[in-house]
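> Please read through the structure below; I'll follow up with questions.
The values are calculated or read from the model by the stated rules, or taken from the named source; none is laboratory data. Source: prediction; values computed, not measured. Backbone-built Cβ (ideal geometry, glycine too); neighbour counts: all protein chains shown. Side chains included, ligands, DNA and RNA excluded: accessible areas come from the protein's heavy atoms. Shrake-Rupley method; radii C 1.70, N 1.55, O 1.52, S 1.80 Å.
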Amino acid sequence: MNRDRIIELVSETLVRAGSTFSKDKVLAYKRAIEQESYPQSRWVLEQTLKNAEAAEKNCSPLCDDTGIPHLVLDMGRNKSLTTDMLQAIHLGVQEGLRK
């Protein structure tokens, strides 16, 4: 994989991770809202879900996004990470944070 493609993928992934809830998380919030009997707690859950919907629509950060990305790189056996690849990942994070 070339340097520009790594930068692009890391950037897109960072933006998506910081602005969307997974489908199972959305469903979990909806179930929690249905089951919550305490009005103030239900309101908080509803607002969190509305924020997630707005963040995904506008490609903006979720309210729970700290802005500090933590990357986990899972590599197969007998694979290596070059300095150029690591630099491309770093540049992808920078680009994603700017977006």
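> Of His90, His70, which has the most accessible area with a 1.4 Å probe, and how do the rest follow in descending order?
Output order, biggest surface exposure first: His70, His90.
> Then there is this: Can you check what the Kirkwood hydrodynamic radius comes to for region 1-81, Cα pairs only, in Å to one decimal?
Kirkwood hydrodynamic radius for region 1-81: 15.0 Å.
> Then there is this: With a 1.4 Å probe and every protein chain left in place, tell me how much accessible area Tyr29 has, in Å² to the nearest 10.
50 Å²
> Right, another one. Taking a cut-off of 20 Å between Cα atoms, list the aspartates and glutamates near Lys50, but don't count ones fewer than 8 places away on the same chain.
Asp24, Glu34, Glu36, Asp64, Asp65
> In straight Cα distance, which lysines are under 23 Å from Lys57, not counting same-chain residues fewer than 8 positions off?
Lys23, Lys25, Lys30, Lys99
> For labels at Ile33 and Gln94 in the simple 7 Å Cα→Cβ model, what's the distance in nm?
Taking the simple label geometry, Ile33 and Gln94 are separated by 4.0 nm.
> Oh, and also: Set the Förster distance to 41 Å, then compute FRET efficiency between Glu56 and Leu81 from the Cβ-Cβ distance, nearest 0.05.
The calculated FRET efficiency here is 0.85.
> What list of ³J(HN,Hα) values in whole Hz, one per residue of region 50-61 in order, does the Karplus curve 6.51 cos²θ - 1.76 cosθ + 1.60 (θ = phi - 60°) give from phi, with Gly and Pro shown as x?
4, 4, 5, 5, 5, 4, 5, 4, 9, 6, 10, x
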